[in-house]
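As structure tokens, the structure follows; a few thoughts come after it.
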Amino acid sequence: MCVQGKLLTKHVSRMGMMLTNLSKRLCPFMTLAIAFGCGKKINDPKITELTRANQNQELPSTLIIQLDESESAMTTYKMPRNAWFKLPTKIRAKQASAAGKSVKVFYNYTSEGHYEFHCYYNSSVLATELTFEKCQASDDVTIISNPDDLEKMDFPIDKDTLVKMELTNPSGSGIKLEAAYLVDWK
């Protein structure tokens with residue numbers, strides 16, 4: 001081995017010993033610094049509230065999804081978290097008559113166009129609302145046809161999927177629709 005190689009080996013081993021000694025001396029100080037968080041109290045209310053707000057973002061227990069035909073014949077809502085929904089038995093109409101209108105609402109809808117199930121709502125005798133007709137699985141098999149069942153059942157909706165409301169027979173009347181869901185966020 002050449003002289004330069006021996007000096008380099010000796011230098012590296014000396015550096016290793018220095019680092020070992022330094023780490024033995026610094027370790028207790030680093031532990032204290034980590035424990036005290038650089039002078040911030042761990043139970044500081046501002047920090048705790050901010051952390052809690054970020055982790056458990058408050059979401060409404062009643063979710064209103066609106067469709068405004070003057071803007072588009074469909075609207076979507078992206079789920080920020082998993083949830084259990086109570087589906088509405090009626091969709092309310094605002095600012096125009098609901099007479100002759102039909103709406104299809106898709107649940108667990110993905111960007112690829114897949115969905116778990118969809119429900120139909122049609123105009124009722126009252127021109128201010130559309131009433132529940134039925135829900136079908138994505139393969140068009142009817143899974144619910146009695147509106148009373150909607151009040152008894154909760155439906156799982158997955159995080160990052162969409163609830164997509166679509167006016168199936170738009171007429172340009174400018175109707176505004178509003179569906180209210182009771183939600184239990186998980």
With respect to Leu63, determine if the residue is modelled with pLDDT under 95, surrounded by 13 or more Cβ atoms within 10 Å (Cβ to Cβ) and closer than 25 Å to Trp185 by Cα. yes
If you take the residues of region 158-181 that are among the small types (Gly, Ala, Ser) and under 18 Å from Cys119 (Cα atoms), which of them is surrounded by the most Cβ atoms within 10 Å (Cβ to Cβ)? Ala179
Picking from Ser145, Ser138, Ser111, which residue would you name as being closer than 25 Å to Leu59 by Cα and among the small types (Gly, Ala, Ser)? Ser111
May I ask you to verify whether Leu130 is within 23 Å of Thr62 (Cβ to Cβ) and touching a helix residue (DSSP H, G or I) at 6+ places or on another chain (Cβ under 8 Å)? no
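Here is a yes/no grid of residues against (1) touching a Ser or Thr at 6+ places or on another chain (Cβ under 7 Å); (2) of a type in the set (A, V, I, L, M, F, W, C); (3) not assigned by TED's automatic domain parsing to the domain that holds Leu67:
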site	(1), (2), (3)
Arg92	yes, no, no
Ala98	yes, yes, no
Val105	no, yes, no
Glu112	no, no, no
Glu116	yes, no, no
Ser145	no, no, no
Lys152	no, no, no
Asp160	no, no, no
Ala180	yes, yes, no
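Restricting to strands (runs of 3 or more DSSP E) lying wholly in region 109-186: which have 1 or more residues that are in contact (Cβ under 8 Å) with a residue 40 or more places away in the chain and among the β-branched types (Val, Ile, Thr)?
129-137, 155-157, 162-167, 176-185
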Go through the residues of region 123-138 one by one and say whether even a single one is of a type in the set (D, E, K, R) and loosely packed, with under 12 Cβ neighbours inside 10 Å. no
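The values are calculated or read from the model by the stated rules, or taken from the named source; none is laboratory data. In this text, all values refer to a predicted model and were calculated from it rather than measured experimentally. For neighbour counting, all protein chains shown are included, and Cβ atoms are generated from backbone atoms with ideal geometry for every residue, glycine included.
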